[in-house]
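Working notes for the structure below.
Derivation of every value follows stated rules applied to the coordinates shown; laboratory data play no part. Keep in mind it's a predicted model, so treat the numbers as computed, not measured.
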Amino acid sequence: MATNVTRISAKDDGPKTRKDEAEEKVTRKVSVKAKNSESKKSVAEKKAKEKSIKKAEKQAAKKDKKVGYFRGAFQEIRQVRWPNRKETWKMTLSVILYVVILAAAIMLLDALLQFIFNKLLGGN
């Protein structure tokens, strides 16, 4: 059994009828009339508003550049999760313990290497 599968596309690629062409013409005429119906005064007002908005944005950008570094730094500090007293002591003690263990390992290695070199070179 073979089944036919047809795909439906969102485009209307079929032949255009006179009715479709007439609707397109009406739509174009309406949109052209709507564009032409705006008065020159409203266009001038829009341009003036756009200029004032752009000017305000430029001034704000200049001000933000000057203060932006400090604002960013304070925002980052607010995002930091600060440890409480118990966690701080745990981390401090772990660092101290690590330093003591590392220092002991270095001292032992130093003593061992000193002993080996003294034996090889015939020193005390």
For residue 78 and residue 112 in one chain, what is 0.36 nm times their gap in residues minus the Cα-Cα distance, to one decimal in nm?
7.2 nm
Between residue 70 and residue 102, 0.36 nm times their residue separation minus their Cα-Cα distance comes to what?
7.6 nm
In Hz, Karplus ³J(HN,Hα) per residue of segment 43-52 (6.51, -1.76, 1.60; θ = phi - 60°; x = Gly, Pro)
5, 5, 5, 4, 5, 5, 5, 4, 5, 5
